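The values are calculated or read from the model by the stated rules, or taken from the named source; none is laboratory data. All of these numbers come straight from a predicted model, not from anything done at the bench. What goes into the accessible areas is simple: the full protein's heavy atoms, side chains included, and nothing from ligands, DNA or RNA. Shrake-Rupley method; radii C 1.70, N 1.55, O 1.52, S 1.80 Å.
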Amino acid sequence: MIRRLFFIFCLLVIVLIVAVVAYIRPDKQLAMNYEQVDLKVKVWNMLKNHEPQVELTNGEMNNLAKKKVIEYLNTQDKGVKVTGVEFIIHEQELRAHLNGKWGMIPFGVTLNFHMESNGSDLILEHRSTRIRQMYIPSSWWSLLPISVSLKEHIPNFVEVDHIEFKTDSIVLIFKIDWLMIPQLLLDSK
């Protein structure tokens, strides 16, 4: 009788483990590849158009964010391998769909962030984590605010004044040192 109960208990544990692994599996394939975004070209076009602003589309933000994730992962060993990521902007909200492996167990997770700007820095505040429809309490797992500097992607003669958030893009509004532009144009020829 005890053997039978022990066998049933072990079987239930195995079924539970298989159900959890099946539930946390990624529901779509994501990749880590990205395209280089050259903001300097956009800034030069901005100067030609005499508008002190540049719009970054959702796709461009996705590529910039993937690059940053790869750079971060190359410096960290968290025991988790990220196999794919996709970033989606909606106004001041950023959703990061992330696929990875913890050992041999694949998982998919969605991280939600609120974006704020501080000069040329984009501040991402972690709001929630979700595996499919199940929210993970922030007391179990949360991230500290993440600061992303946009300064490294733009020329020295412009400075981000502020950032406007649109439905599926962000707009960088610049302060421009107009006195440096004639010299820069001469140097670039």
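Based on C-alpha pairs under 8 angstrom that are at least 6 apart in sequence, region 103-173 has a relative contact order of 26 percent. Our coupling estimate for region 12-25, obtained by passing each phi through the Karplus curve with A = 6.51, B = -1.76, C = 1.60 and θ = phi - 60°, is 5, 5, 5, 4, 5, 4, 4, 5, 5, 4, 5, 5, 7, 4 Hz, Gly and Pro reported as x. Springs join every pair of Cα atoms under 10 Å in this Gaussian network model of the chain, and among ILE88, ILE163, ILE136 the largest mean-square fluctuation is at ILE136. Built from the Cα atoms of region 90-140, the convex hull projects on average onto 4.7 nm², one quarter of its surface area. When you restrict to C-alpha pairs under 8 Å that are six or more residues apart and normalise by the size of region 1-90, the relative contact order lands at 37 percent. Whole angstrom only: what separates the Cα centroid of region 43-68 from the Cα centroid of region 90-107? With region 43-68 and region 90-107 each reduced to a Cα centre, they are spaced 24 Å.
Compute the long axis of helix 39-49 from its Cα atoms, compare it with the longest principal axis of the Cα atoms of the chain, and write down the angle in degrees, 0 to 90, nearest 10. Approximately 40 degrees, to the nearest ten.
Working note: 222 nm ellipticity from helices only, DSSP H runs with n ≥ 4, each -39,500 (n - 2.57), summed and divided by the residues of the chain, gives -10500 deg cm²/dmol to the nearest 500.
Tally up the carbon and sulfur contribution to the accessible surface of the chain as a whole percent, 1.4 Å probe, everything protein left in place. The computed percentage sits at 58. Computed from the alpha carbon positions, the gyration tensor of the chain leads to an equivalent ellipsoid with semi-axes of 46, 15, 13 Å, biggest first. Non-local lysine pairs in region 1-137, meaning eight or more places apart or on different chains, with alpha-carbon distances under 27 Å, amount to 24. Taking LEU11, LEU144, LEU30 as the candidate residues, the one with maximal mean-square fluctuation in a Gaussian network model of the chain, Cα springs under 10 Å, is LEU11. Of ALA96, ALA65, ALA19, which has the largest mean-square fluctuation in a 10 Å C-alpha GNM of the chain? Comparing ALA96, ALA65, ALA19 in a Gaussian network model of the chain, the most mobile one is ALA19.
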